[in-house]
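Notes for the one structure printed next.
The values are calculated or read from the model by the stated rules, or taken from the named source; none is laboratory data. Note that this is a predicted model, so its numbers are computed, not measured. Cβ placement follows ideal geometry from the backbone for every residue including glycine, while neighbour counts extend to all protein chains displayed. These accessible areas exclude ligands, DNA and RNA; they are computed on the full protein's heavy atoms, side chains included. Shrake-Rupley method; radii C 1.70, N 1.55, O 1.52, S 1.80 Å.
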Amino acid sequence: MAEVEYNFEKIEEKWRKRWEKDGLFANRRDDRPPYYVLNMYPYPSGVLHIGHFLNYTLGDVMVRYKILRGFNVLSPMGWDSFGLPAENAAIRTGIHPHEFTENNIARCRRQMLRAGWGYDWNREFATSHADYYKWTQWFFLKFREKGLVVKKTAPVNWCGSCQTVLANEQVKEGECERCGSRVEQKDMNQWFYRMSAYAERLLAGHEALRGKWPDAVLAMQEEWIGRSEGAEVEFRVKETGDPVPVFTTRPDTLWGVTFMSVAPEHPLVEKLAAGAPRGREVLEAARRMRAIGTSARELAAQEKEGIFTGCHVVNPVNGAEIPLWVANFALMSYGTGAVMGVPAHDQRDWEFAKKYGIPVVQVVLPPDGSGPGTWEKAYVGAGEVVNSGPFTGEPDNFKAMPGVIDWLEKEGRGRRKVNYRLRDWLLSRQRYWGAPIPVIYCDSCGIVPVPEKDLPVLLPTDIDFTHGRGNPLARSKSFVNAPCPKCGRTGRRETDTMDTFVDSSWYQIRFADPANGRACWDAAKVAKWLPVDQYIGGIEHATMHLIYARFFTMALHDLGLVDFDEPFTRLFCQGMVCKVAYRCETCKWIPAEAVAVRRPDGSDASEEEAAAVLKRVENQGLDEAGLAAAGWKLVCAGCGGDRLHFEMTKIGKSKLNAVDSDAMIERFGADTVRLYMLSDSPPDRMQIWTEDGINGAWRTINRLWRLVMDSLERISSPGTPIPAELDAPNRALRRKTHQCVLKVTESIEGGYQFNTAIARTNELLNLLRSLRDQAHPAILRETLEIVVLSLSPIIPHFADECWSRMGHDRSVFSESWPEPDREAAREEEIEIPVRINGKVRARLTVPAGLSGGELEKLALADGNVQARLEGKVVARVVTVPGRLVNIAVKQG
RNA sequence: GCCGGGAUGGCGGAAUGGCAUACGCGCGGGUUUCAAAAACCCGUGACCGCAAGGUCGUGUGGGUUCAAGUCCCACUCCCGGCACCA
């Protein structure tokens with residue numbers, strides 16, 4: 001008697017142990033071509049959420065697929081273990097960040113093992129371990145030697161609550177990404193990597209990544225790099241002679257400049273205000289503008305504001321004297337911090353000029369011949385140049401007017417210039433739990449790098465986290481006081497640590513040689529594995545980790561440490577996992593369990609009714625309008641109110657719609673969860689989590705289990721040859737089987753479309769269920785083996801158990817991906833639709849391979865067709881062999 | 001506003017220019033059962049029709065083609081990213 005229900009607890013554990021014992025993911029098979037699959041390693045928070053589950057499952061499926069395809073697959077895992085959460089926990093609880101982190105790593109590792117993801121655990125490391133961050137520090141010194149490290153005073157984003165500086169990428173809508181407090185602007189002396197020097201190269205690299213990275217990621221990076229072409233033109237302050245260079249992408253409109261604005265923090269502001277009659281007022285206004293913050297986002301939301309400095313600048317192209325303003329929309333961090341104002345042809349300048357009564361001078365005549373007097377807004381289109389000295393009368397199509405720049409260069413009034421939005425990478429943090437920046441300040445020698453032999457600069461352990469504010473490192477005397485490596489006198493150690501994104505910019509290389517104590521890595525090992533063949537992770541890292549890692553790799557290349565300059569050949573970004581979330585107008589987000597249902601008549605719904613309504617909501621069968629139309633009301637069990645809303649949104653703690661992946665594995669087993677996550681949507685799209693969905697996957701697994709178990713006594717013994725002569729049902733089964741292999745392979749190779757791969761095997765299973773009683777033992781075996789092999793990357797424990805029960809000693813993962821038999825897959829007989837004026841009017845069952853002429857003859861001879869053609873004139877017959885016949889007719 | 005991606009049944013989604021809706025979920029009906037939320041079978045785009053069958057149908061409007069979900073032009077809406085970047 002076959003087992004009725006698939007016993008995942010016993011089976012999954014058995015195979016995990018077996019893979020471990022066999023060294024499936026750890027043993028290197030150097031006779032095979034190498035292939036490196038990497039998932040973005042996690043911050044060990046202690047609990048992996050369902051988003052991680054999708055991420056790592058995708059990676060695992062790719063790993064197993066590539067193993068079956070005969071590659072020597074490297075699949076490592078490690079921990080991005082420096083960072084704020086551990087330190088915040090230390091401040092809260094007094095538990096040392098190291099201990100906190102190690103505990104969480106242990107918990108995450110257990111979860112990963114239980115999920116069945118295959119990693120080479122021999123290569124595991126954590127970035128917070130000294131033998132890793134030693135090299136993070138070493139790279140800092142190497143980058144510094146190469147001139148890629150700068151220390152400069154810069155307006156930085158300061159989070160008062162975290163007491164640290166944040167990178168622009170970590171400021172979300174003016175708030176700290178981590179803690180949500182308001183971010184202030186502060187001038188501070190900080191360490192930077194000169195990423196801006198690589199702007200052009202980062203952009204140029206997109207060429208090679210196109211088609212291999214998602215379009216969206218490349219588009220986001222392009223925007224982040226923000227290349228724009230134009231000219232730098234030197235204006236001069238009339239009263240003092242100070243130069244005021246400006247960057248413009250519209251040099252063609254230079255003759256239309258009617259004012260100049262500079263950023264509130266522009267150095268000229270203070271200088272000019274010093275002697276001016278309204279100086280105090282100007283300084284006061286500038287201070288006010290600065291206090292509001294300089295994040296472009298905030299400025300956008302804000303009314304344009306400015307103050308006239310009382311000074312003027314001279315336009316180098318025509319000698320015009322125009323007023324100099326301080327304006328809140330001018331950004332010190334972009335271009336030169338000064339902007340020329342052309343109200344006629346720039347919307348922002350138009351608005352500013354209208355507000356302050358600044359004149360508008362037209363220099364482009366639109367085709368309709370109109371002027372600013374009749375305009376509602378600035379004219380930014382093409383036209384004829386007017387009022388522009390030597391260029392008057394020429395056609396203006398702005399972007400394509402290099403003539404102006406040539407003229408500026410010839411006249412010595414300006415020059416061609418390319419500007420980038422990409423800024424240097426602010427890498428210093430005033431926090432404890434990161435890699436210490438290895439320099440010492442000495443009163444006589446200045447900034448002195450820690451000698452390589454003294455690396456790593458270890459984090460001190462004697463820190464009290466629960467008292468005091470600011471950087472705990474600065475409070476450790478044993479850490480701060482250090483002899484100057486140059487002169488030996490007592491110096492002061494740098495107490496800033498590095499941004500965790502520095503750690504994660506090179507971890508993918510360390511996996512090639514994780515235990516090397518003498519060097520960052522062995523060049524031959526890196527040459528073998530890197531760059532990463534397939535990287536997998538969330539798209540939220542597009543302008544952070546993914547751009548830092550690219551920069552870092554290019555810099556390592558320039559240091560001669562690696563011979564490639566892109567870290568990740570292919571990138572796959574998985575979609576978000578979403579689930580319906582409920583929001584009560586009084587109680588905010590509430591869990592699904594706290595939602596009750598009321599009938600149209602106002603009475604409470606029965607349990608079954610409520611379950612049915614909520615199920616339809618979860619499956620998107622009912623939206624809020626549909627629910628209201630049906631008269632059902634959702635009620636918040638917390639407050640009893642019925643003002644309840646719901647939406648499909650990313651799974652998470654904040655919306656109270658989290659899915660506990662551990663609990664799911666406990667209920668259904670890892671394979672069921674894997675199957676569910678991969679079977680519905682393509683993996684780069686949004687995934688919707690429903691209870692019905694996971695139940696359906698469980699039923700599918702069990703149905704397949706029964707099919708295989710019930711077939712065991714009827715299959716031939718392994719290795720039995722396929723008979724040469726087969727009857728029609730067996731030929732049909734074989735045909736479908738080999739078509740399935742072809743299509744599954746295509747689905748996976750063509751972009752990891754596991755949903756269609758699963759659909760193809762389902763089709764085969766449906767046919768097998770209907771023909772199973774007629775199947776020849778050898779054909780039954782072949783079919784089941786191909787089903788099991790095709791699904792093995794997706795449901796590995798299940799597949800290996802089936803494989804073994806089918807009489808194999810070795811794991812399914814020591815086999816090869818099935819080779820399709822194209823001869824067996826070929827159709828014998830096909831159905832050809834005959835269309836008359838586009839409508840199917842007959843179907844011909846014909847042998848495959850008939851010519852167009854034969855098809856046409858058969859189609860026209862068909863009784864149905866002839867009846868339809870009665871009294872009509874055949875205008876044209878198109879036949880597509882193997883496809884269809886189309887007859888175009890006219891009335892006779 | 002700019003950039004990227006979309007729009008196909010009740011839902012997730014299939015479809016080298018060639019039978020739209022594969023596969024699955026849900027739903028309806030049936031079988032089995034003390035009873036099932038389990039299993040198995042049948043049905044399931046809309047409309048008209050007792051039926052045979054017919055008409056319509058892939059966001060909207062045009063176009064190319066014997067043939068368009070797919071190609072071209074114009075637009076609408078949705079999701080995501082960026083956004084006073086000179």
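Going by what's in this entry, would residue A:416 be described as closer than 25 Å to residue A:159 by Cβ, surrounded by fewer than 19 Cβ atoms within 10 Å (Cβ to Cβ), among the basic types (Lys, Arg) and modelled with pLDDT of 90 or more? Can you show your working first?
Values: closer than 25 Å to residue A:159 by Cβ: no; surrounded by fewer than 19 Cβ atoms within 10 Å (Cβ to Cβ): yes; among the basic types (Lys, Arg): yes; modelled with pLDDT of 90 or more: yes.
No, not satisfied.
Filter the range A:1-55 down to the residues that are crowded, with 21+ Cβ neighbours inside 10 Å, in a loop (DSSP other than H, G, I, E, B) and more than 31 Å from the chain's Cα centre (by Cα) and list them by number.
A:6
So residue A:694 ticks every box in (1) within 13 Å of RNA strand B (Cβ to nearest atom); (2) more than 30 Å from residue A:59 (Cβ to Cβ); (3) among the aliphatic types (A, V, I, L, M); (4) part of a helix (DSSP H, G or I) but one. Which box is left unticked?
Of (1) within 13 Å of RNA strand B (Cβ to nearest atom); (2) more than 30 Å from residue A:59 (Cβ to Cβ); (3) among the aliphatic types (A, V, I, L, M); (4) part of a helix (DSSP H, G or I), only one is false for residue A:694: (2).
Please determine, by comparing only the residues of the range A:591-616 that are among the charged types (D, E, K, R) and within 11 Å of RNA strand B (Cβ to nearest atom), which one is least open to solvent (accessible area, probe 1.4 Å). Spell out the reasoning first.
From the range A:591-616, those among the charged types (D, E, K, R) are A:593, A:598-599, A:601, A:604, A:607-609, A:615-616; that's our starting set.
Imposing the further condition that a residue be within 11 Å of RNA strand B (Cβ to nearest atom) reduces the set to A:607-608, A:615-616.
On the way: A:607: 156, A:608: 140, A:615: 98, A:616: 128 Å².
Among those residues, the one meeting the criterion is A:615.
Select, from A:106, A:115, the only residue that is more than 30 Å from residue A:817 (Cβ to Cβ) and open to solvent by less than 40 Å² (accessible area, probe 1.4 Å).
Values: A:115 fails: more than 30 Å from residue A:817 (Cβ to Cβ).
So the residue among A:106, A:115 that is more than 30 Å from residue A:817 (Cβ to Cβ) and open to solvent by less than 40 Å² (accessible area, probe 1.4 Å) is A:106.
Every residue, every condition in (1) touching a residue at least 60 places away in the same chain (Cβ under 8 Å); (2) in contact with a Phe, Trp or Tyr (Cβ under 9 Å, 6 or more places away or on another chain); (3) open to solvent by 50 Å² or more (accessible area, probe 1.4 Å); (4) of a type outside the set (Val, Ile, Thr), yes or no:
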| site | (1), (2), (3), (4) |
| --- | --- |
| A:620 | yes, no, yes, yes |
| A:629 | no, no, yes, yes |
| A:633 | no, no, yes, yes |
| A:641 | no, no, no, yes |
| A:657 | yes, yes, no, yes |
| A:666 | no, no, yes, yes |
| A:669 | yes, yes, no, yes |
| A:672 | yes, yes, no, no |
| A:675 | yes, yes, no, yes |
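Taking residue A:85, is it more than 14 Å from residue A:535 (Cα to Cα), modelled with pLDDT of 95 or more and open to solvent by 40 Å² or more (accessible area, probe 1.4 Å)? Let's see the steps before the verdict.
Numbers: more than 14 Å from residue A:535 (Cα to Cα): yes; modelled with pLDDT of 95 or more: no; open to solvent by 40 Å² or more (accessible area, probe 1.4 Å): yes.
It is false that residue A:85 is more than 14 Å from residue A:535 (Cα to Cα), modelled with pLDDT of 95 or more and open to solvent by 40 Å² or more (accessible area, probe 1.4 Å).
Looking at (1) open to solvent by less than 10 Å² (accessible area, probe 1.4 Å); (2) within 41 Å of the chain's Cα centre (by Cα), find the lone condition where residue A:819 falls short.
Every condition holds for residue A:819 apart from (1).
Where residues in the range A:801-838 are within 30 Å of residue A:852 (Cβ to Cβ) and assigned to a loop (DSSP other than H, G, I, E, B), which of them is nearest to RNA strand B (Cβ to nearest atom)?
Filtering the range A:801-838 for residues that are within 30 Å of residue A:852 (Cβ to Cβ) and assigned to a loop (DSSP other than H, G, I, E, B), the one nearest to RNA strand B (Cβ to nearest atom) comes out as A:838.
Somewhere in the range A:498-506, is a residue under 28 Å from residue A:165 (Cα atoms) and touching a Cys at 6+ places or on another chain (Cβ under 9 Å)?
Start the filter on the range A:498-506 by keeping residues that are under 28 Å from residue A:165 (Cα atoms), which leaves A:498-506.
Subsequent filtering for residues that are touching a Cys at 6+ places or on another chain (Cβ under 9 Å) retains A:506.
Looking through the range A:498-506, at least one residue is under 28 Å from residue A:165 (Cα atoms) and touching a Cys at 6+ places or on another chain (Cβ under 9 Å).
Taking the range A:352-367 on its own, how many of its residues are out of contact with any strand residue (DSSP E or B) (no Cβ under 9 Å at 6 or more places or on another chain) and either surrounded by fewer than 16 Cβ atoms within 10 Å (Cβ to Cβ) or β-branched (Val, Ile, Thr) (or both)? Break it down stepwise before answering.
Of the residues in the range A:352-367, the ones out of contact with any strand residue (DSSP E or B) (no Cβ under 9 Å at 6 or more places or on another chain) are A:354, A:357, A:360-362.
Applying the additional criterion that residues be either surrounded by fewer than 16 Cβ atoms within 10 Å (Cβ to Cβ) or β-branched (Val, Ile, Thr) (or both) yields A:354, A:357, A:360-361.
Number satisfying all stated conditions: 4.
Which of the numbered conditions does residue A:204 fail, given that it passes all the others? Conditions: (1) closer than 19 Å to residue A:551 by Cβ; (2) within 14 Å of RNA strand B (Cβ to nearest atom).
The single condition residue A:204 does not satisfy is (2).
Can you tell me which residues in the range A:230-249 are near RNA strand B (Cβ under 9 Å from one of its atoms) and either of a type outside the set (Ser, Thr, Tyr) or over 39 Å from the mean Cα position of the chain (by Cα) (or both)? So that I can check it myself, show each step before the final result.
Residues of the range A:230-249 near RNA strand B (Cβ under 9 Å from one of its atoms): A:230-231, A:246-249.
Of everything in the range A:230-249, those that are near RNA strand B (Cβ under 9 Å from one of its atoms) and either of a type outside the set (Ser, Thr, Tyr) or over 39 Å from the mean Cα position of the chain (by Cα) (or both) turn out to be A:230, A:231, A:246, A:247.
Just for strands (runs of 3 or more DSSP E) wholly inside the range A:311-389: which have at least 3 residues that are more than 14 Å from RNA strand B (Cβ to nearest atom), farther than 23 Å from residue A:421 by Cβ and in contact (Cβ under 8 Å) with a residue 24 or more places away in the chain?
Ranges flagged: A:321-327.
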